[in-house]
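Just below is one structure, and these are the notes that go with it.
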Amino acid sequence: MGKLIDVSMPLSSTVPIWPGDTLFAYELTWTKEESGSVNVGQITMSTHTGTHIDAPFHFDSQGERVLELDLDLYAGTALVVDVSGRDCVRPEDLESERLDGTQRVLLKTNSWKDRSVFPVRIACLHESLAPYLFEKGVRLIGVDVPSVDPLDSKELPAHHALHGKGIHILEGLVLDDIEPGKYHLMALPLPLKEGDGSPVRAVLSR
């Protein structure tokens with residue numbers, strides 16, 4: 001395995017969050033001076049802060065929780081595909097790519113320009129992409145935006161279409177400086193037994 005490339009959003013008080021969601025906060029509950037031996041901190045955050053995975057339970061009350069997901073989905077060969085300039089990614093946007101046998105596809109949309117603020121508009125995935133990816137053998141789709149659906153969507157057609165085909169979702173990747181091509185991905189979720197999602201430390205290597 002080559003050098004690891006971090007493609008995660010740093011977590012701090014400045015990380016942009018979904019409007020109305022839980023602010024990220026880290027604070028020391030014990031200082032070394034108070035405890036006599038160690039600093040101990042606590043974190044408050046949404047499960048969908050920064051770079052994260054969605055468990056099906058996020059949008060389907062009967063769906064799998066984080067701890068029930070197959071970890072193999074989140075580690076292995078991944079193909080980074082540049083789809084910059086599309087408002088909504090459709091099957092025809094990927095027809096020139098050799099997806100057959102590729103289980104993990106990461107889409108570089110370049111539509112979140114300023115990660116210091118939550119975006120107003122992003123490139124989304126069209127629901128017709130789900131059956132196309134399924135036919136190619138894709139089991140995980142990753143994006144460099146907060147959602148696979150439009151930010152104002154309540155129906156979440158892409159989420160449901162992907163779930164219907166058994167394709168899992170990784171969101172909030174930082175792919176700005178990543179060239180298209182094959183990599184090894186590792187983006188393991190935390191073992192949250194009841195979780196609807198989980199932050200991940202996503203890394204690529206060649």
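The values are calculated or read from the model by the stated rules, or taken from the named source; none is laboratory data. Here the structure is a predicted model, which means the values were calculated and not measured. Neighbour counts are summed over all protein chains in view; Cβ atoms, including those assigned to glycine, are modelled from backbone coordinates with ideal geometry.
To keep it simple, each residue is scored yes or no on (1) over 22 Å from GLU155 (Cβ atoms); (2) over 15 Å from the mean Cα position of the chain (by Cα).
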site: SER12; (1), (2): yes, yes
site: GLY20; (1), (2): no, yes
site: LEU23; (1), (2): yes, yes
site: LEU28; (1), (2): yes, yes
site: HIS48; (1), (2): no, no
site: ILE53; (1), (2): no, no
site: GLU64; (1), (2): no, yes
site: ARG86; (1), (2): no, yes
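Looking at segment 72-103, which of its residues are in contact with a Gly (Cβ under 9 Å, 6 or more places away or on another chain) and acidic (Asp, Glu)?
ASP100
Would you check if there is a residue in segment 158-165 being at positive phi and in a loop (DSSP other than H, G, I, E, B)?
no
Condition first: surrounded by fewer than 16 Cβ atoms within 10 Å (Cβ to Cβ) and either of a type in the set (S, T, N, Q) or not in a loop (DSSP other than H, G, I, E, B) (or both). Now tell me which residues in segment 129-153 satisfy that.
PRO131, GLU135, SER153
Yes or no: segment 178-195 includes at least one residue that is more than 21 Å from THR49 (Cα to Cα), assigned to a loop (DSSP other than H, G, I, E, B) and either without any contact (Cβ under 8 Å) to a residue 24 or more places away in the chain or in contact with a strand residue (DSSP E or B) (Cβ under 6 Å, 6 or more places away or on another chain) (or both).
yes
From the list ASP100, ASP149, exactly one residue is over 20 Å from LEU204 (Cβ atoms), in contact with a strand residue (DSSP E or B) (Cβ under 6 Å, 6 or more places away or on another chain) and of a type in the set (D, E, K, R). Which is it?
One residue alone meets the criteria, ASP149.
Which residues, counting only those in segment 38-52, are within 21 Å of LEU71 (Cβ to Cβ) and either of a type in the set (Asp, Glu) or not in a loop (DSSP other than H, G, I, E, B) (or both)?
The one that is within 21 Å of LEU71 (Cβ to Cβ) and either of a type in the set (Asp, Glu) or not in a loop (DSSP other than H, G, I, E, B) (or both): HIS52.
Out of the residues in segment 1-37 meeting the condition of being assigned to a strand (DSSP E or B) and of a type in the set (Val, Ile, Thr), tell me which one is nearest to PRO199 (Cα to Cα).
Filtering first and then ranking leaves ILE5.
Considering each of GLY101, GLY63 in turn, give the residue that is under 24 Å from GLY164 (Cα atoms), touching a Pro at 6+ places or on another chain (Cβ under 7 Å) and assigned to a loop (DSSP other than H, G, I, E, B).
Criteria check complete, one pass: GLY63.
Mind telling me which of the residues ASP54, ASP60, ASP82, ASP72 ends up being surrounded by 22 or more Cβ atoms within 10 Å (Cβ to Cβ) and at pLDDT 95 or above?
ASP54
Would you mind finding the one in LEU156, LEU107, LEU175, LEU192 that is surrounded by fewer than 17 Cβ atoms within 10 Å (Cβ to Cβ) and either at pLDDT below 95 or under 17 Å from the mean Cα position of the chain (by Cα) (or both)?
Of the residues listed, the single one that is surrounded by fewer than 17 Cβ atoms within 10 Å (Cβ to Cβ) and either at pLDDT below 95 or under 17 Å from the mean Cα position of the chain (by Cα) (or both) is LEU192.
Would you be able to tell me the number of residues in segment 8-42 that are surrounded by 11 or more Cβ atoms within 10 Å (Cβ to Cβ) and touching a helix residue (DSSP H, G or I) at 6+ places or on another chain (Cβ under 7 Å)?
The total comes to 1.
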